[in-house]
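Take a look at the structure set out below.
The values are calculated or read from the model by the stated rules, or taken from the named source; none is laboratory data. These numbers were taken from a predicted model, which means no experiment stands behind them. Note that we place each Cβ from the backbone using ideal geometry, even for glycine, and neighbour counts take in every protein chain shown.
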Ligand SMILES: C[S@@+](CC[C@H](N)C(=O)[O-])C[C@H]1O[C@@H](n2cnc3c(N)ncnc32)[C@H](O)[C@@H]1O
């Protein structure tokens, strides 16, 4: 069961009765998504780029995808967006969300409805700057290509779904990113930072959105170029 309610910035969000958690911060759904995923994720990575591939873990209400699609237009950026969601929010709940109104996107043409209406397991071209594919599976079982620039890690919190924050999955996330790629998430737990470190990420702790002290951006270190050493001319064997 899902219950819609208004967060403190006036945008709606959803409470999952099954997990006993909300889909966004009660301090502001749009405010949180903009801060964690758009500002510290997309904006941090888009400099000098013409095209980016984004993976979202936990499509939920579609708010992150909606904001990203609107941002692609503003930034003149082409985005290939892949969203994972095993338990879609029903249409009657989506209809009660006020994102389009709050973002001043004309409701009839709102991208949000196109995102939710798109076929599963297929790529839909929403417009010349945004292609979208969603998969109705858990992130554990989905086979991923290793070409993502950004991962929006927006699963339910570790206390609700601890299995989604462990080492095996973070290893999978690391492998799905291109060198220099980033994973952003609202979660800033110490144990999660150590897990990210253990699979090779460089972890940055950033200021969180209002109501939350911190968030995480984890970077897959770019490959360093090591030249082959010629044993005859190496410093340890001077001629
Ligand atoms: C915090 S909410 C996501 C909020 C969403 N990004 C939004 O903008 O509305 C977490 C989402 O993760 C989904 N989820 C649960 N188990 C999952 C799994 N194994 N793999 C991927 N997503 C999962 C939930 O169904 C829920 O939609």
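Checked against (1) at pLDDT below 95; (2) in contact with a helix residue (DSSP H, G or I) (Cβ under 7 Å, 6 or more places away or on another chain), residue 127 passes all but condition (2). When residue 141 is tested against (1) without any contact (Cβ under 8 Å) to a residue 12 or more places away in the chain; (2) farther than 23 Å from residue 166 by Cα; (3) within 12 Å of the ligand (Cβ to nearest atom), exactly one condition is not met: (2).
Taken over the range 198-224, the criterion of being out of contact with any strand residue (DSSP E or B) (no Cβ under 6 Å at 6 or more places or on another chain) and farther than 23 Å from residue 28 by Cα is satisfied by 198, 199, 200, 224. Do we find that residue 148 is modelled with pLDDT of 95 or more, surrounded by 13 or more Cβ atoms within 10 Å (Cβ to Cβ), under 14 Å from the mean Cα position of the chain (by Cα) and under 17 Å from residue 79 (Cβ atoms) in this structure? Spelling it out, residue 148 is indeed modelled with pLDDT of 95 or more, surrounded by 13 or more Cβ atoms within 10 Å (Cβ to Cβ), under 14 Å from the mean Cα position of the chain (by Cα) and under 17 Å from residue 79 (Cβ atoms).
The residues of the range 145-165 that are part of a loop (DSSP other than H, G, I, E, B), in contact (Cβ under 8 Å) with a residue 40 or more places away in the chain and within 12 Å of the ligand (Cβ to nearest atom), listed by number, are 154, 155, 156, 157, 160, 161. Taking the condition at pLDDT 95 or above, surrounded by 14 or more Cβ atoms within 10 Å (Cβ to Cβ) and under 16 Å from residue 154 (Cα atoms), does residue 183 pass? For residue 183, the condition - at pLDDT 95 or above, surrounded by 14 or more Cβ atoms within 10 Å (Cβ to Cβ) and under 16 Å from residue 154 (Cα atoms) - is met. The single condition among (1) under 17 Å from the mean Cα position of the chain (by Cα); (2) within 16 Å of the ligand (Cβ to nearest atom) that residue 218 does not satisfy is (2). Checking the stated criteria, residue 164 turns out not to satisfy the condition of being closer than 23 Å to residue 85 by Cβ, surrounded by 18 or more Cβ atoms within 10 Å (Cβ to Cβ) and in contact with a helix residue (DSSP H, G or I) (Cβ under 7 Å, 6 or more places away or on another chain). In the set 105, 142, only one residue is surrounded by 16 or more Cβ atoms within 10 Å (Cβ to Cβ) and under 28 Å from residue 190 (Cα atoms); that residue is 142.
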